[in-house]
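Contents: one structure, followed by commentary.
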Amino acid sequence: MLTSLSKHALYRVSKTALWFLVLVGLPLTSFPLLSKLTGAIVAPFSFIPLAILVGVWLLPFVLERGKLPAEMVPFLYFVLVAIAVSCLAFFLNGYYDVGRDFLGQSLRAFITLAIGISFYLVFATYPQDEKGLLQTLRFITIGGMLLIAWSLMEVILLRKYGMVKLLPSWLLRTRDALAIQSINNWRSSRLSGFAYEPSWFVREFNLVLFPIWLAAVYLRKSLFKFRLWIFQMEDFLMLGGLIVFGFSSPRIGLVAFMASLAYLALMLFGWVHGRLVNKINNRRKKPAQNPLWIKIGLAVLLVILVVVILGGALAGYVVSASGWDERFQLLIEPDAVDSVSLFPITEDSLVTFSDKLAFSERLVYWFSGWHTFSDYPFGVGLGNAGFYMIDRMNGQGMLSFEIRDLVYRAGYLPNTKNLWVRLLSETGFLGFAVFAVWLIVLWRSTVLIRKSESKILQIVGLAGQLFLMAYLVEGLSIDSFAMPYQWLMAGLISAGGLLARKELAAKDKPAVFPSAQA
């Protein structure tokens, strides 16, 4: 059926248009129309064209037994573990809260997981060849260009008007038509683009755009033919992306970005170290008596240089961001830090310290989820952690207006605000272990992809590694499976792994020459 449909030009154009909408619409993670229909804040616009693609492309592809990447297998095992744990959770001593019960909460959680699975399956199977992968990366980049253009305009207006709620009415109306935004951001000057809040805005850069563009910049291989002297398109995109990224005042997002940079620096460090050692040895008339000490000395000097550069850049950004974000101002005020006694390190001391840095609510949620896992190591079922968290919250959390409002007034359950703690508390150590195995499989695939002779696959391989480095940190603030960004990159890694294995198989296959009689 899919083969016959692919012969029609209208079908091919429609399929490409839907794919374009999926990728260009990635910044719209709280689309008003979809949010009203589902009642959820995480309501990505991209799911609308993706749902159509699932019907007109993915289902026929699966029914015709299209080849699925092997990287999917561990994740499917994770889904089975989550289902089993959630079924067993009905035998636990849970309770009803704010009109919610185990069945309804689990169904909501599995619906968000199903959305994530849909994204992952389509992203992993749609790029069937290198040309399809290149088209995907270009569509993502076009969406990134549009986002940067809008965000730069917003940065200029925020510098002029001072805070979000004072921005021109035409801009607010345009944005309200495309995205729901948190009311907590109205009195701030933080950039959020079309995302619900600034941290969601940063997430697209850390998990999608920056990995792709940084990989192209590092490898000096571009997705486009455009060149300006020694510069390629991705150089300018990284510059624009860093500007708008900085004005969103990220904290966890900043650490995630630094993790990606640290990995790139480590790679560059190995290359420079090898070149310097060879250069020194080649200039010597006699071989060095202690070549090991030369290598160690150069390594130490390069590490110091990298630490100074990255540390200086981080310190400079913190000082600059303190001019428009009071949370960063706390980092440079000695009273905020010196007044806290962190040792001995206990839960109470960490919560007290984080309160001075306007970070205590997140830490309280994390500890609540961790205590839930400690009491129920096999998990309480997907979506059910909120039933157990309130009884396990640190007492200092009640000093926070946000947490008091959540406990006594909000009509929804709390969550861990942390993917890794959520996996532990809701799917137990077994679900967490299987999910970790899936990430390891993805990493091994990126290593294979980077060995490809294709420049597109090389970009995808390195981008996948940068994504995984950032994802480990961004996971500290991810609380929904419906956000498309992690599934996009995981899908591209899976698709790239399948293509890389096909390339290796083609190399190993002996050439078949026509017979003399033919």
**Report entry** Signed unit charges on C-beta, dipole axis of the chain, positive-most listed residue Phe61, Phe201, Gln458
**Finding:** Gln458
Query - Sites Asp405 and Ile183 - FRET efficiency at Förster radius 22 Å, r taken between beta-carbons, to 0.05 - result: 0.95
Report summary line: Per the C-alpha gyration tensor (a ≥ b ≥ c, the square roots of its eigenvalues), segment 23-84 is rounded if a/c is under 1.5, else prolate if a/b beats b/c, else oblate; here it's oblate
Query - Loop-resident sites, segment 162-209, for trypsin sites (Lys or Arg not before Pro), counting at most 15 other Cβ within 10 Å (DSSP) - result: Arg187
Query raised in the report: Can you list the residues, at least 5 places off or on another chain, whose amide H is less than 5 Å from the amide H of Ser30, using H built in the peptide plane?
Result: Ala43, Phe45, Ile180, Tyr196
Report summary line: Checked against a 31 Å limit on the C-alpha separation, the offending pairs among Lys15/Lys455; Lys67/Lys507; Lys15/Lys502; Lys36/Lys165; Lys225/Lys279 are Lys225/Lys279
Requested in this report: Per DSSP H run of n ≥ 4, the term is -39500 (n - 2.57); total these for the chain, divide by its residue number, and report the mean residue ellipticity at 222 nm rounded to 500 deg cm²/dmol.
Outcome: -21500 deg cm²/dmol
Query raised in the report: What size of dipole, in debye to the nearest 20, comes out for the chain about its Cα centre when the only charges are +1 on Lys and Arg C-beta atoms and -1 on Asp and Glu C-beta atoms?
Result: 2400
Query raised in the report: Going through segment 3-58, which trypsin sites (Lys or Arg not before Pro) have at most 12 other Cβ atoms within 10 Å and a DSSP loop state?
Result: Lys7
Query raised in the report: Say the dipole of the chain comes from +1 at the beta carbon of Lys and Arg and -1 at that of Asp and Glu; which of Val364, Leu50, Thr136 then lies farthest toward its positive end?
Result: Thr136
Report task. Tell me the chymotrypsin sites (Phe, Trp or Tyr not before Pro) within segment 190-272 that lie in a loop according to DSSP and have at most 14 other beta-carbon atoms within 10 Å. Result -> Phe224, Phe226, Trp229
Report task. Report ³J(HN,Hα) in whole Hz for each residue of segment 371-377, in order, from the Karplus equation J = 6.51 cos²θ - 1.76 cosθ + 1.60 where θ = phi - 60°; Gly and Pro get x. Result -> 5, 4, 5, 4, 7, 10, x
Query raised in the report: To the nearest whole percent, what portion of all C-alpha pairs in the chain is separated by more than 46 angstrom?
Result: 16
Query raised in the report: Setting aside same-chain residues fewer than 8 positions from Lys451, which aspartates and glutamates have a Cα under 18 Å from its Cα?
Result: Glu71, Asp129, Glu130, Glu503, Asp508
**Report entry** Part-to-part distance (alpha-carbon centres) for segment 197-255 and segment 413-466, which is given in Å
**Finding:** 21
Report task. Please label the shape of segment 383-518 as rounded, prolate or oblate, based on the square roots a ≥ b ≥ c of the eigenvalues of the alpha-carbon gyration tensor (a/c under 1.5 means rounded; beyond that, a/b larger than b/c means prolate, else oblate). Result -> prolate
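Every number here is computed from the coordinates shown, using simple stated rules; none is lab data. Computed from a predicted model, the values in this text were never measured in an experiment. Cβ coordinates were reconstructed from backbone atoms using ideal geometry, including for glycine residues, and neighbour counts include every protein chain displayed.
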